Amino acid sequence: MFKKNKHGIQVKTPEQLGKMRAAGLVVGRTLELLRTSARPGMTPLDLDAIAEKAIRDEGAVPSFKGYQGFPATICASVNDEVVHGIPGDHRPLREGDILSIDCGAILDGWHGDSAITVAVGEVDPALTELMRVTEEAMWRGIAALAVGRHLSDVGHAVEKYVRSQGRYGIPHEYGGHGIGTEMHMDPWVANHGKPGRGPKLEAGMCFAIEPMVNLGTERTRVLADDWTVVTVDGKPSAHFEHSVAVTDNGPWVLTALDGGEARLTELLGGRAGS
């Protein structure tokens with residue numbers, strides 16, 4: 001029922017990709033709702049409740065809640081929190097914060113996974129630039145997902161772009177992953193490395209591409225809650241992610257509302273998949 005190639009990577013049929021697209025749209029719409037909802041005075045727990053209702057109202061199930069004991073629907077990581085922040089109500093969002101929101105949903109047995117970083121009110125221009133660099137690095141990685149290329153081309157594209165933009169830290173312990181009938185599947189997708197290595201990409205493969213970029217050092221540590229990852233130097237971090245299918249027509253961004261067409265048209269000259 002679920003085909004895998006010789007490297008153990010799940011290869012989806014067109015029908016299965018259609019189901020992944022449906023799950024991806026649930027996530028994409030939920031994140032757009034959260035993007036417009038995040039404002040000073042709200043708590044991450046408030047946003048978590050909004051996300052759970054939105055996902056369940058579409059007939060889907062939050063994929064993070066209960067995953068390896070994680071207690072919430074979204075990961076909400078504020079400022080120096082890199083990833084896996086647990087939403088709470090002890091600290092309302094403040095003007096000038098940046099908030100990374102990671103969200104996943106299961107629909108008809110298939111997963112969607114995506115993340116955005118949003119500004120809470122007016123933020124320092126250095127943080128606006130950090131978010132821009134991180135999001136653009138994600139798109140450069142997505143654009144490398146072409147049939148016949150190698151998996152390491154993704155991480156190389158991410159790293160090359162980030163390094164071209166200044167002195168930023170790329171945490172090497174965290175990266176993307178395969179996605180399909182499970183949220184986290186083989187293979188690991190690094191955000192750094194040399195090109196031309198690893199498995200060749202085939203139509204029907206799906207990956208979550210998710211760079212995390214720090215304003216300072218790449219070094220991180222995990223807090224006592226065993227989930228929240230923070231920068232060692234206390235400087236802010238940004239995180240963007242999309243679930244993407246490799247197709248014969250180019251990358252199909254399953255969690256982007258337009259399938260990635262607008263951005264990939266700019267990067268690839270119109271070669272966006274579907």
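What follows is calculated from the coordinates using simple rules that are stated; it is not laboratory data. Here the structure is a predicted model, which is why all the values come from computation and not from measurement. Note that we place each Cβ from the backbone using ideal geometry, even for glycine, and neighbour counts take in every protein chain shown.
Consider residue 186 against the criteria (1) assigned to a loop (DSSP other than H, G, I, E, B); (2) in contact (Cβ under 8 Å) with a residue 40 or more places away in the chain: it satisfies all of them except one. Which criterion is unmet?
So residue 186 meets the others, but not (1).
Working only within the stretch 241-255, note down all residues that are surrounded by fewer than 24 Cβ atoms within 10 Å (Cβ to Cβ) and outside any strand (DSSP E or B).
Those that are surrounded by fewer than 24 Cβ atoms within 10 Å (Cβ to Cβ) and outside any strand (DSSP E or B): 248, 249.
Restricting the search to the stretch 34-79, which residues are assigned to a loop (DSSP other than H, G, I, E, B), surrounded by 21 or more Cβ atoms within 10 Å (Cβ to Cβ) and not polar (S, T, N, Q)?
38, 60, 64, 72
Residue by residue, here is whether (1) among the aromatic types (Phe, Trp, Tyr); (2) on the phi > 0 side of the Ramachandran plot; (3) over 19 Å from the mean Cα position of the chain (by Cα) holds:
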site: 171; (1), (2), (3): no, no, no
site: 178; (1), (2), (3): no, no, no
site: 219; (1), (2), (3): no, no, yes
site: 226; (1), (2), (3): no, yes, yes
site: 232; (1), (2), (3): no, no, yes
site: 242; (1), (2), (3): no, no, no
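With the condition kept exactly as written, say whether any residue in the stretch 156-166 is in contact (Cβ under 8 Å) with a residue 40 or more places away in the chain, outside any helix (DSSP H, G or I) and of a type outside the set (Lys, Arg).
Among the residues of the stretch 156-166, not one is in contact (Cβ under 8 Å) with a residue 40 or more places away in the chain, outside any helix (DSSP H, G or I) and of a type outside the set (Lys, Arg), which makes the answer no.
Name the residue, out of 216, 193, that is under 30 Å from residue 88 (Cβ atoms) and either in contact (Cβ under 8 Å) with a residue 40 or more places away in the chain or assigned to a loop (DSSP other than H, G, I, E, B) (or both).
216
If you go through the stretch 174-181 one residue at a time, do you hit one that is part of a loop (DSSP other than H, G, I, E, B), touching a helix residue (DSSP H, G or I) at 6+ places or on another chain (Cβ under 6 Å) and either closer than 21 Å to residue 73 by Cα or among the basic types (Lys, Arg) (or both)?
Initial filter on the stretch 174-181 (part of a loop (DSSP other than H, G, I, E, B)): 174-175, 179-181.
Of the ones still in play, those that are also touching a helix residue (DSSP H, G or I) at 6+ places or on another chain (Cβ under 6 Å) are none.
No, the stretch 174-181 contains no residue that is part of a loop (DSSP other than H, G, I, E, B), touching a helix residue (DSSP H, G or I) at 6+ places or on another chain (Cβ under 6 Å) and either closer than 21 Å to residue 73 by Cα or among the basic types (Lys, Arg) (or both).
Which residues, taken from the stretch 97-150, are in a helix (DSSP H, G or I) and closer than 19 Å to residue 17 by Cα?
Result: 142, 143.
Which residues, counting only those in the stretch 89-127, are surrounded by fewer than 14 Cβ atoms within 10 Å (Cβ to Cβ), free of Cβ contacts under 8 Å to residues at least 40 places away in the same chain and closer than 16 Å to residue 237 by Cβ?
Result: 124, single match.
Among the residues of the stretch 172-186, are any within 18 Å of residue 114 (Cα to Cα) and in contact with a Leu (Cβ under 7 Å, 6 or more places away or on another chain)?
No: zero hits.
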